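Below is one structure, written out as structure tokens, with a few remarks after it.
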Amino acid sequence: MIRPVARIGVLLPEGNITCEVEYPRLGQSDASFHFQRLHRDGAALSAESLLTLHRGVDAALAALRDTSPRAYVFACTSGTFLAGHDRHDDAAARIRAATGCPAITTASALLQACSALTVRRLHMLAPYPDAITRQEAEFLAFHGVDASHYDTLECRDGNAIRGLDESTVYQRLMARADDARRADAVFLSCTNMPTLGLIEALEADLGVPVFSSNTATAWAGLRLAGVPGDTPAIGVLGRQALPERAHFSTTFDTRNHDGRHP
């Protein structure tokens, strides 16, 4: 029996050039990904700039409406963990309220991946300035995951991240391979940093699960859309269930008391 293809709506930053390359390789014949870009003010890697992505959620949902997604993902790591330690689900909650469909952000998918893999110590490589990466480590610590031994490529803006390639990521990570092997898992942060072609090789080289912002986000989106089974390109994570699927499938009102969305 042929299953219908599950369509997944992806909201991503306007300067992202990686999601549209990596996600279709993960859907295989079971799912298709449909993309809509979110504007942000400036290219600086700062909370002030990155959080302006949230202003475009409603317009992006309107543009995706006719594709009838079964689930949605808000595919930006820094643009969701910087919302606040306990507000990483805010954008997805808005999406669930507006569409009645399951939805998750990359920051929430990161936490779900850590839960699914029972991660307490995480080796993290990010492309951001140290101040932003440190905030990501603090976000993880708030949720019980130690990522204090992180590494960062210190990209100053989105243009620098777009200039990265998988070889650069691999070499930087392997330069600290001993640290990575002592962790429960390795996390490659940022949906705009190219990593998909590295996952299986890194797991073999390091002997621990390896996942990225994109594999975690796509994995969570696939599970929310009802796509079961193994996704080999995602590595060990691709064999796991989404721990809190019910929460991210629940629609509730996210408005403040004055009626405005956060």
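The values are calculated or read from the model by the stated rules, or taken from the named source; none is laboratory data. All values derive from a computational prediction rather than experimental measurement. Neighbour counts run over all protein chains shown; Cβ positions are idealised from the backbone, glycine included. SASA here: full protein model, heavy atoms, side chains in, ligands and nucleic acids out. Shrake-Rupley method; radii C 1.70, N 1.55, O 1.52, S 1.80 Å.
Here are some notes:
- Test for ALA220: is it buried (at least 24 other Cβ atoms within 10 Å of the Cβ), in contact with a Pro (Cβ under 7 Å, 6 or more places away or on another chain) and small (Gly, Ala, Ser): no
- Those helices (runs of 4 or more DSSP H) of the stretch 42-125 in which at least 2 residues are surrounded by fewer than 24 Cβ atoms within 10 Å (Cβ to Cβ) and at pLDDT below 95, considering only elements entirely within it, cover 47-50.
- Just so you know, in the stretch 14-28 the residues that are over 26 Å from ALA43 (Cα atoms) and open to solvent by less than 10 Å² (accessible area, probe 1.4 Å) include one that is modelled with the lowest pLDDT, and it is GLY27.
- Condition check for ASN214 on (1) touching a residue at least 60 places away in the same chain (Cβ under 8 Å); (2) farther than 18 Å from CYS19 by Cα: one failure, at (2).
- When we screen ALA177, ALA204, ALA183 for residues that are hydrophobic (A, V, I, L, M, F, W, C) and closer than 16 Å to LEU110 by Cβ, the only hit is ALA183.
- Leading residue by the ranking (farthest from the chain's Cα centre (by Cα)) among those in the stretch 154-200 that are under 27 Å from SER115 (Cβ atoms) and open to solvent by 70 Å² or more (accessible area, probe 1.4 Å): ASP178
- Of the residues making up the stretch 204-217, those that are open to solvent by 10 Å² or more (accessible area, probe 1.4 Å) and not aliphatic (A, V, I, L, M) are ASP205, GLY207, PRO209.
- Evaluation of LEU11 against (1) surrounded by fewer than 18 Cβ atoms within 10 Å (Cβ to Cβ); (2) in contact (Cβ under 8 Å) with a residue 40 or more places away in the chain; (3) under 15 Å from the mean Cα position of the chain (by Cα); (4) outside any loop (DSSP other than H, G, I, E, B) (one fails), failing number: (1)
- Residues satisfying the stated conditions in the stretch 130-153, i.e. surrounded by 15 or more Cβ atoms within 10 Å (Cβ to Cβ), at pLDDT 95 or above and in a loop (DSSP other than H, G, I, E, B): HIS143, VAL145, ALA147, TYR150, LEU153
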